[in-house]
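One structure below.
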Amino acid sequence: MTKRDTPSSPPNRADLEKLMSADMRAVTAQSDRLGRYFARQNDVSGNDFHALLHVMVAETAGTPLTMAQLRQRMDVSPAAITYLVDRMIDAGHVRRESDPSDRRKALLRYENSGMELAHAFFEPLAAHVRSALAELSDKDLLAAHRVFSALIEAMSTFEGELVAQQPDSATKRAAAQSDQQLDDELTKETEPA
C-alpha cells in the first residue's frame, strides 16, 4: 500500500490506525501552511491567527471562549493575551460580549468584518473540498465525521493528561485564580460606566 492511496489488499487494523494518524498529521501541516498564507495576506501575526482560529472553533461549537480560556489554549501570560485580544479588537476581528450566564465574564466573539475576511479567503478552499468530496457517499462522510470526532476526543484526552502533569496543584490553583481575576478585570473594562 502506498501513502494515502487505496490499498491493493485490505489493511489490518494497526495499518489503518497508522494511516489515519499520518493523514491527521498531513491535514494539520497543510492547515498550518494555509493559515500562514491567510496571516500574511491579511497582515495578521501567527499568534493572532491561532487566537482567531480558537475563537472561531469555540464559537462554531456554540461555546464561545473567555479571555482566560483563550489564554490557556494559547499558553501565554495574562498580559500577553490582553495585548493580543486588544489588538484583534482594534483590527475589527473580534469583540467582547458579556456572558449571559455569568455577567462577571466576557466572551470573545467574531465580528462580522472578521468573519467576512475569513470567508473571503477560505471560500475557494471550501469549493475545492466540496469538489473533492463530491463522489463520496453521505454514509462515507458520516463515517469520516465519526473518525474525526474520535481523533479529536483522543487528542483532548491526551491534552488533559498533559495538563494534569503540570506542576503541583497549588500552581494550578494559582493559575485558575489568575484566570478568574483576568476574566473579572476584563469584564470591568467592558462594562458600561
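Among the candidates 153, 161, which residue alone is at negative phi, surrounded by 10 or more Cβ atoms within 10 Å (Cβ to Cβ) and either touching a residue at least 12 places away in the same chain (Cβ under 8 Å) or charged (D, E, K, R) (or both)?
Within the list 153, 161, the selection yields 153.
Would you confirm whether or not the stretch 48-62 contains a residue that is modelled with pLDDT of 90 or more and exposed (fewer than 10 other Cβ atoms within 10 Å of the Cβ)?
yes
Could you please give the count of residues in the stretch 34-44 that are modelled with pLDDT of 90 or more and open to solvent by 30 Å² or more (accessible area, probe 1.4 Å)?
5
For a quick check of your reading of the model, give me the residue pairs whose first member lies in the stretch 123-139 and is at pLDDT 95 or above and among the small types (Gly, Ala, Ser), whose second is surrounded by 10 or more Cβ atoms within 10 Å (Cβ to Cβ) and part of a loop (DSSP other than H, G, I, E, B), with beta-carbon atoms closer than 6 Å and at least 6 apart or on different chains.
none
Inside the stretch 33-66, can you point out the residues that are within 15 Å of the chain's Cα centre (by Cα), in a loop (DSSP other than H, G, I, E, B) and of a type in the set (Gly, Ala, Ser)?
Within the stretch 33-66, 61, 62 qualify.
Which members of the stretch 75-112 meet the condition of being of a type in the set (Ser, Thr, Tyr) and within 15 Å of residue 59 (Cβ to Cβ)?
Selection gives 110 alone.
Filter the stretch 104-122 for residues that are open to solvent by 60 Å² or more (accessible area, probe 1.4 Å) and either assigned to a helix (DSSP H, G or I) or free of Cβ contacts under 8 Å to residues at least 12 places away in the same chain (or both) and give the result.
112, 113, 116, 119, 120, 122
Anything in the stretch 136-150 that is of a type in the set (Asp, Glu) and surrounded by 10 or more Cβ atoms within 10 Å (Cβ to Cβ)? List them, or say none.
140
The values are calculated or read from the model by the stated rules, or taken from the named source; none is laboratory data. Here the structure is a predicted model, which means the values were calculated and not measured. Neighbour counts run over all protein chains shown; Cβ positions are idealised from the backbone, glycine included. Just so you know, the surface numbers come from the protein's heavy atoms only, side chains and all, with ligands and any DNA or RNA stripped out. Shrake-Rupley method; radii C 1.70, N 1.55, O 1.52, S 1.80 Å.
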